[in-house]
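Undergrad: This structure is in structure tokens; I'll ask about it shortly.
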Amino acid sequence: MEKSGTQTPLSLAAARAVRTYAAATRSALGSAESPVISYAGLWLLLASLAPVAETETDEILGLNRADARAAALALLEAPHPTIGAAVAGWLRPGVSLTKGLPVVLDPLPEQAGLDAWADEHTRGLIKEFPLEIDAQTLIVLASALVVTPRWSERLGEDDEGLLLLESGFQAVVETEAAGPVAVACPPSEDGISVYSVIAADGVAADDVWRASEEVVRRIDAGEVRNHAFEAQSAGHAWTVQEVTVFGGATADRWRSHLPEWSVEDRHDLSAAPGVAEIARGVMAAVEEETEAVCVQKAVASYDREGFKAAAVTGMMVRATAAAPRETKVRQIDLRFDRPHAVVAIARGGAWEGIPLFGSWVTPA
């Protein structure tokens, strides 16, 4: 739960930018119910490439081109006990660029080489690169993001087989976005807080995400403390009862019952905010006619030991067929809108030229 290190003005701006970008992208893609997605992984890739954007990126990435690039580099170079992050690029040998790109471009390997990169930079959580290259692939750009925090104390198990949390951060918080929500976060010394937030049945997923952002913001500001109970009685996800404890304890006893889960997902991010603007800048570096796609593969799991999540976001620029040249020709239209004949003629061998079927067609 404790924050590690001291945030600089640039890192504070980056954190704010990623939060804003996540909310905008979730809305644009309708991805509120996606099993797992990393908006930060996409932002990291786009911010690393921000200098090639055709216009300033304040409205898209939350920072201008120079600051976005600087923030991305700062994140990539910042040591963290459990976060791994990387950005890489590959260029097909023989392809010439009309301008440089703000990432180091290595020779494009075979598919196995990209798979190995994904495996290495996600600590084995993602074995396959999310894009398949082919003969038309000119440039591949990618980011990898992985977090593997461990709980300070192994979670127990309740009578129903759910994970049982009896420490860490637990609270019931009233939110503007979703009304009262329950919040649980196991303790970890790895510099990662993994909040579970549940709202009442029927609350839209988008509103639950907004509520979670509100809760985290209030926790960070010191407005919501551990074991806060901003409710009058039992609610949609909590009960209140008197229990007998021994040892003279007088504080409330908090327990959270959490599921163990594991998910993976794949996202086409080509329509995400900023992708088209950055992709056009990358494509402009190639003389050929091109198209770009952006895809992310993500995985996550939550168990009694800790939390694991990884994402690889890939952008690929491919050569496309040149658009046909314009020319002028005669246009001749034939209309069979009166009675006419149809005949079937055999072709080949002994049957060559034999009319097999004839029909007189009278259009309705």
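The values are calculated or read from the model by the stated rules, or taken from the named source; none is laboratory data. Please read all numbers here as calculations on a predicted model, not as lab measurements. Methodologically, a virtual Cβ is constructed for each residue, glycine included, from the backbone with ideal geometry; neighbour enumeration extends over all protein chains shown. Surface areas here come from the heavy atoms of the whole protein model, side chains and all, with no ligands, DNA or RNA. Shrake-Rupley method; radii C 1.70, N 1.55, O 1.52, S 1.80 Å.
Undergrad: Anyone know which of Val317, Val329, Val173 comes out most mobile in the 10 Å Cα GNM of the chain?
TA: Most flexible of the set in this elastic network: Val329.
Undergrad: Evaluate the relative contact order of the stretch 86-171 (contact order divided by residue number), counting alpha-carbon pairs under 8 angstrom at least 6 apart; express in whole percent.
TA: 29 percent
Undergrad: Can you give the relative contact order of the chain as a percent, counting alpha carbon pairs under 8 Å and 6+ residues apart?
TA: Reported relative contact order: 21 percent.
Undergrad: Using just the Cα positions, wrap the stretch 188-289 in a convex hull and report its mean projected area in square nanometres, one decimal place.
TA: Across all orientations, the stretch 188-289 yields a mean hull projection of 12.3 nm².
Undergrad: Now for a different question. Using the heavy atoms of the protein chains and a 1.4 angstrom probe, tell me the accessible area per residue for the stretch 170-268 in square angstrom.
TA: 63 Å²
Undergrad: To the nearest whole percent, what portion of all C-alpha pairs in the chain is separated by more than 34 angstrom?
TA: 43 percent
Undergrad: Further question on the same structure: Stick to Cα atoms and the Kirkwood definition of Rh, then tell me Rg/Rh for the stretch 1-153.
TA: Value, to two decimals: 0.97.
Undergrad: Using a Cα-Cα cut-off of under 15 Å, which aspartates and glutamates could be cross-linked to Lys99, ignoring same-chain neighbours fewer than 8 residues away?
TA: Glu54, Glu287, Glu288
Undergrad: Want the number for Asp106 to Glu291: 0.36 nm per residue separation, take away the alpha-carbon distance, what's left?
TA: Contour length minus the Cα-Cα distance gives 64.6 nm.
Undergrad: Ok, one more. For the stretch 25-55 and the stretch 262-306, compute the distance between their C-alpha centroids and round to whole Å.
TA: Here the two parts' Cα centres lie 7 Å apart.
Undergrad: For Val329 and Glu54 in the same chain, what is the full-extension length gain: residue separation times 0.36 nm, less their Cα-Cα distance, in nm?
TA: Value of the extension gain: 95.2 nm.
Undergrad: Given a 1.4 Å probe and the protein chains all in place, what does the accessible area of Tyr302 round to, in Å² to the nearest 10?
TA: We get 10 Å² for Tyr302.
Undergrad: Let me ask something additional. Extending each Cα 7 Å along its Cβ direction at Asp115 and Asp337, get the distance between those two points in nm, one decimal.
TA: Computed distance between label sites Asp115 and Asp337 equals 5.9 nm.
Undergrad: Further question: Can you give the FRET efficiency for Glu305 and Glu128, using 1/(1 + (r/R0)^6), R0 = 30 Å, r = Cβ-Cβ distance, to the nearest 0.05?
TA: 0.75
Undergrad: Could you work out how much longer the chain between Ala251 and Arg218 gets when fully extended? Use 0.36 nm per residue separation minus the Cα distance between them, nm to one decimal.
TA: Value of the extension gain: 9.6 nm.
Undergrad: Quick one: order His257, His121 from most to least accessible surface, probe 1.4 Å.
TA: Solvent-accessible surface, decreasing: His257, His121.
Undergrad: Something else about it: Say we join alpha carbon atoms closer than 10 Å with springs in a Gaussian network model of the chain; which of Thr313, Thr239, Thr148 then has the biggest fluctuation?
TA: Judging by the Gaussian network model, the answer is Thr239.
Undergrad: Can you give the FRET efficiency to the nearest 0.05 for Ser11 and Thr244, using r as the Cβ-Cβ distance and R₀ = 56 Å?
TA: Efficiency at R0 = 56 Å is approximately 0.70.
Undergrad: Follow-up question, since we're still on this one. Compute the longest continuous run of the chain that contains no exposed trypsin sites (Lys or Arg not before Pro); treat a site as exposed when its DSSP state is not H, G, I, E or B and it has at most 15 other Cβ atoms within 10 Å.
TA: With a cap of 15 other Cβ atoms within 10 Å, the longest stretch comes to 4-98.
Undergrad: In deg cm²/dmol and to the nearest 500, what is the mean residue ellipticity at 222 nm of the chain if only DSSP H runs of at least 4 residues count, each as -39500 (n - 2.57), divided by the residue total?
TA: -7000 deg cm²/dmol
Undergrad: Here's a follow-up. Enumerate by residue number the GluC sites (Glu not before Pro) in the stretch 184-222 meeting two conditions: DSSP loop (anything except H, G, I, E, B), and at most 16 other Cβ atoms within 10 Å of the site's Cβ.
TA: Filter output for the stretch 184-222: Glu189.
Undergrad: If R₀ is 22 angstrom, what is the calculated FRET efficiency for the pair Ala135 and Ala271, using the beta carbon separation as r and rounding to 0.05?
TA: It comes to 0.25.
Undergrad: According to a simple spin-label model (label point 7 Å from Cα along Cα-to-Cβ), what is the distance in nm between Leu97 and Asp159?
TA: 6.4 nm
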